[in-house]
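One structure is given here, and the rest of the page talks about it.
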Number of protein chains: 2
Amino acid sequence: MFEFRKIAFALSVASALPLAACGGGGPGDIVLAQMGSYHVGGRAVTIEGKPVREVRFTPGGVPARVDPNGTFLVEHAYAQWFEPRIVRGAAPLLMMHGGGLTGVTYETTPDGREGWLNFFLRRGWTVHNADAVERGRAGWAQFPDIFRGEPIFLAQHDAYERFRIGGGPGTFARKEVLPGSQFPVEAYDAFVRQIVPRWTTTDEPILAAYIAMLDRSCPCVVLAHSQAGQFAFRAAEARPDKVRAIVVVEPAGFGDPARAAALKGIPVLAVYGDFIEQDARWPAIKGNGLRYYDALRAAGGSVEVIDLPRVGIAGNSHMVMMDRNSDAVAGKIQDWLAARGLWR
Amino acid sequence: MFEFRKIAFALSVASALPLAACGGGGPGDIVLAQMGSYHVGGRAVTIEGKPVREVRFTPGGVPARVDPNGTFLVEHAYAQWFEPRIVRGAAPLLMMHGGGLTGVTYETTPDGREGWLNFFLRRGWTVHNADAVERGRAGWAQFPDIFRGEPIFLAQHDAYERFRIGGGPGTFARKEVLPGSQFPVEAYDAFVRQIVPRWTTTDEPILAAYIAMLDRSCPCVVLAHSQAGQFAFRAAEARPDKVRAIVVVEPAGFGDPARAAALKGIPVLAVYGDFIEQDARWPAIKGNGLRYYDALRAAGGSVEVIDLPRVGIAGNSHMVMMDRNSDAVAGKIQDWLAARGLWR
């Protein structure tokens, strides 16, 4: 353990040094060999028997016949990827956002700082930043024809009260912030604008598209937030050879304990923020996680849990990657990956 | 005219040379000083009187109370921006996608080549690549509560037949491609996956958010495709001091001829692809454009129209930026901007 701490400390210092990432580019530059995007996965669905409509797409434009029947391509995911000139990660880092969110989660923070996408890119990770099925640039499908159920829209106050920024119901209206909160509360509305409609019936197509993403773009290190915990673990159960490590940040869902053996070769890091004990829901969600990690360990797997307050990083909300100390938390993840030989 | 051609030719050669964009980065690298994203514009809307639901977001998770009432932040737009280390554009290039699409339009082409985002970034343009209100990472709002009407979903065959890839209705099923088409038809499905649901009732909020984007991020050169033609011209009518030039690629909508004088200081380039005369709708759409450009000229404005087939670039579909010769068309735009002193 002492040995490990020394290594981790050395790497921590190394990762904090100015980065000469460019083949000669200045300090502070992000030097990319390539960047691009793609859609992956999904299926074709045929709809029949609906009336044809005439649609004028643009005022003064020419009407077009739009047939709601036919074959539709649906339930694909999207990712944007960046490959630095000097690659230091042993595999691409695949970022999966949480529920009601998109890859914007990892971009600029609500208060305008660089997010985790840039953090890991600047350290030489190839990054694939996903939009899950139904979210963002992945698009969404007809309901109830294709998606079952109705979408959920979150009001302005919802995340504030549920993501441990305020301390629960009523705190948004009362402008109460948890004491010591690291969330940039003055920019809260900028975070709310990142929230998109979501369904609760699309877990299977989301998982299927993420598995297709693993097949296309991996082996990867998977970094998953909140809802995406389940997708990271379940996709790894389906494709253990495509996942080099899993980092879950406040996961809300998990894999199947009965399939834990499939993950025994995949190191797992789970990161939790602050104020969990006093929240109405998070003690139970975290408890689900701790039981699942025990199942992974019992099957021969390796799981490290970082409770941020216990390592001196206090005040984190559920949106750890947006909190003012987001770089400090990313540094812990970076150090953990480096200590596992996944970064050189 | 001879003078202009000589200048354009010289610039064309210059823009085709290998780019030493990096402060020492290798040829082929994209060297960025910064990259990030933001949401902008929109409004708060209050919904009342709907029943509260209990939602289990994740299987096995802890139910949460979701109140569909409350205040919602809606009708904002999103943009991702990239600033090269060496900026050569006189102003950022703001890319507006067409209807039913997102900023993915300008990213990797369906067949995996670099799109116009990379093209202009590699030439030293700061680029803001937008997702309009309702599309992609901008998110969308409750309907009919906030958005009027219902969304439209496009079937797999629709764009093929309407965007001059095939020659009209029935051509997708018959696998007919327009002779000489430059669209990468083998990758057509990858393009279909880029299409997202759209409304036809959201022009005003889209415009309002684009005006907010001009206020936030411009003066800019605005590059607009298809549906976004109207947003480029109408946003410029509202903020003529925020728009240095407008490039419209197959615009489907336009500004108000009565407000043409507001745009007289803004040079306009309009680019059209091939197969227009034989299409059912495009002769009328283009005719609308030509009449509008005449109004701009009559008010003292400057408009250049490039009919690609007339300058030796044949076979373009409506999705010019995805066609196999997309770089050649981008080169024409680049040369036009450079000839107007907007690129050094």
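See the values below:
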item: Residue-averaged beta-carbon neighbours from other chains (10 angstrom radius) around B:147-153; result: 3
item: Selection from A:Tyr106, B:Phe119, A:Gly265 lying farthest towards where the dipole of the protein assembly as shown points positive, charges on Cβ; result: B:Phe119
item: Rounded to the nearest 20 debye, dipole of the stretch A:155-201 from Cβ charges on Lys, Arg, Asp, Glu; result: 100 debye
item: Per-residue mean of C-beta atoms belonging to partner chains within 10 Å, peptide B:137-143; result: 6
item: Relative contact order (%) - chain A, alpha-carbon pairs under 8 angstrom, separation at least six; result: 18 percent
item: Given charges at beta-carbon only (K, R positive; D, E negative), |dipole| of chain A in Debye; result: 600 debye
item: Debye equation applied to the C-alpha atoms of the protein assembly as shown, log10 I(q)/I(0) at 0.11 Å⁻¹; result: -1.14
item: Tail beyond 17 Å, pair distance distribution of the stretch B:301-344 (Cα, percent); result: 35 percent
item: Charge dipole (debye, nearest 20) of the stretch B:203-344; +1 at Cβ of Lys and Arg, -1 at Cβ of Asp and Glu; result: 440 debye
item: Cα-only Debye scattering, chain B: base-10 log of I(q)/I(0) at q = 0.07 Å⁻¹; result: -0.31
item: On Cα atoms only, tilt of A:203-217 relative to the major axis of chain A in degrees; result: 70 degrees
item: Contour excess over end-to-end distance, with Cα ends at A:Arg65 and A:Glu48 and 0.36 nm allotted per residue; result: 4.5 nm
item: Cross-link pairs beyond the 28 Å C-alpha cut-off, checked among A:Lys50/B:Lys286; A:Lys264/A:Lys286; A:Lys50/B:Lys50; result: A:Lys50/B:Lys286; A:Lys50/B:Lys50
item: Förster radius 30 Å - calculated FRET efficiency between B:Asp215 and B:Phe143 (Cβ-Cβ, nearest 0.05); result: 0.65
item: Formal net charge of residues neighbouring A:Gly103 (Cβ-Cβ distance under 14 Å; K, R +1; D, E -1); result: -2
item: Per-residue HN-Hα couplings for the stretch B:284-297 [Karplus 6.51, -1.76, 1.60; θ = phi - 60°; Hz; x = Gly/Pro]; result: 5, 5, 5, x, 4, x, 4, 5, 5, 4, 4, 5, 4, 5
item: For the stretch B:110-160 and the stretch A:277-323, distance of Cα centres in Å; result: 36 Å
item: Pairwise FRET efficiency - A:Ala328 versus B:Thr201, Cβ, R0 = 60 Å, nearest 0.05; result: 0.85
item: Neighbourhood net charge (9 Å Cβ-Cβ; Lys/Arg +1, Asp/Glu -1) for B:Ala141; result: -3
item: Cβ-vector label at 7 Å, B:Arg174, separations to other copies in nm; result: 7.0
item: Calculated FRET efficiency for the pair B:Arg113/B:Asp241, C-beta based, R₀ 35 Å, to 0.05; result: 0.45
item: Kirkwood-based Rg to Rh ratio, the stretch B:254-333, C-alpha trace; result: 1.01
item: Packing-based order for A:101-107, B:329-335, using average beta carbon neighbours within 10 Å, highest first; result: A:101-107, B:329-335
item: Total formal charge among the other residues, if their Cβ is under 15 angstrom from that of A:Gly287, Lys/Arg +1 and Asp/Glu -1; result: -2
item: Value of relative contact order over the stretch A:197-280, rounded to a whole percent, pairs C-alpha under 8 Å and six or more apart; result: 27 percent
item: Cβ-vector label at 7 Å, A:Ile86, separations to other copies in nm; result: 2.0
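Coordinate-derived values only; no laboratory data. Treat the numbers as computed from the prediction; the structure is a model and nothing was measured. Using ideal geometry, Cβ is built from the backbone for each residue, glycine included, and neighbour counts are taken over all protein chains shown.
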